[in-house]
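Report on one structure; see the data block that follows.
The values are calculated or read from the model by the stated rules, or taken from the named source; none is laboratory data. Please read all numbers here as calculations on a predicted model, not as lab measurements. Because the Cβ atoms are built from the backbone with ideal geometry, glycine has one as well, and the counts that use them run over all protein chains shown.
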């Protein structure tokens with residue numbers, strides 16, 4: 001997948017995972033890392049960027065972790081991508097080359113494509129992705145398979 005960095009894809013997955021699993025208690029970074037086969041240290045920096053962007057909020061304490069800072073329907077996928085890539089976007093001003101072809105033709109093309117992609121992602125919310133995950137049975141949650149019938 002060329003259009004989004006791995007960091008952006010993981011940010012989307014983390015937010016949707018937290019939206020699906022943060023009730024009744026917040027999702028610990030270690031639990032989240034285990035579900036997505038990531039080292040917790042790598043994931044923690046990403047989660048902190050999402051907290052800084054007011055997408056997630058951190059809950060301290062022995063049963064702490066992360067939960068959504070706002071309602072699912074009020075968080076767009078584009079917003080998550082922007083938060084995950086904020087460090088990368090800040091560094092782009094230094095990426096200029098000595099090539100006029102790259103600077104005047106290719107970079108503007110990629111910038112336009114990025115704007116269009118973000119506009120599309122802005123139309124999807126975490127709520128939309130949660131519904132899709134549940135419909136596609138992409139939610140791995142032991143609680144979802146418990147049967148209370150007698």
(message) Being closer than 22 Å to residue 44 by Cα and modelled with pLDDT under 95 is the requirement here; does residue 149 meet it?
(response) no
(request) Consider residue 50 carefully, then state whether it is under 15 Å from the mean Cα position of the chain (by Cα) and surrounded by 15 or more Cβ atoms within 10 Å (Cβ to Cβ). (result) yes
(request) Filter the stretch 88-128 down to residues that are modelled with pLDDT of 95 or more and not in a helix (DSSP H, G or I) and give me whichever is farthest from the chain's Cα centre (by Cα). (result) 123
(message) Can you pull out every residue in the stretch 41-70 that is touching a helix residue (DSSP H, G or I) at 6+ places or on another chain (Cβ under 8 Å) and either in a loop (DSSP other than H, G, I, E, B) or over 22 Å from residue 81 (Cβ atoms) (or both)?
(response) 53, 55, 65, 69
(request) Please identify the pairs in which a residue from the stretch 76-104 that is closer than 26 Å to residue 46 by Cα has its Cβ atom under 8 Å from the Cβ atom of a residue that is assigned to a helix (DSSP H, G or I) and modelled with pLDDT under 90, counting only partners at least 6 apart or on another chain. (result) 82/89
(request) Being outside any loop (DSSP other than H, G, I, E, B) and either closer than 24 Å to residue 74 by Cβ or within 15 Å of the chain's Cα centre (by Cα) (or both) is the filter here, so list the residues in the stretch 21-39 that pass it. (result) 21, 27, 29, 32, 33, 35
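Filter the stretch 1-20 down to the residues that are touching a residue at least 60 places away in the same chain (Cβ under 8 Å) and not in a helix (DSSP H, G or I), then identify the one that is nearest to residue 60 (Cα to Cα).
5
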(request) Assess whether residue 142 counts as being out of contact with any helix residue (DSSP H, G or I) (no Cβ under 7 Å at 6 or more places or on another chain), modelled with pLDDT of 95 or more and either closer than 20 Å to residue 23 by Cα or exposed (fewer than 13 other Cβ atoms within 10 Å of the Cβ) (or both). (result) no
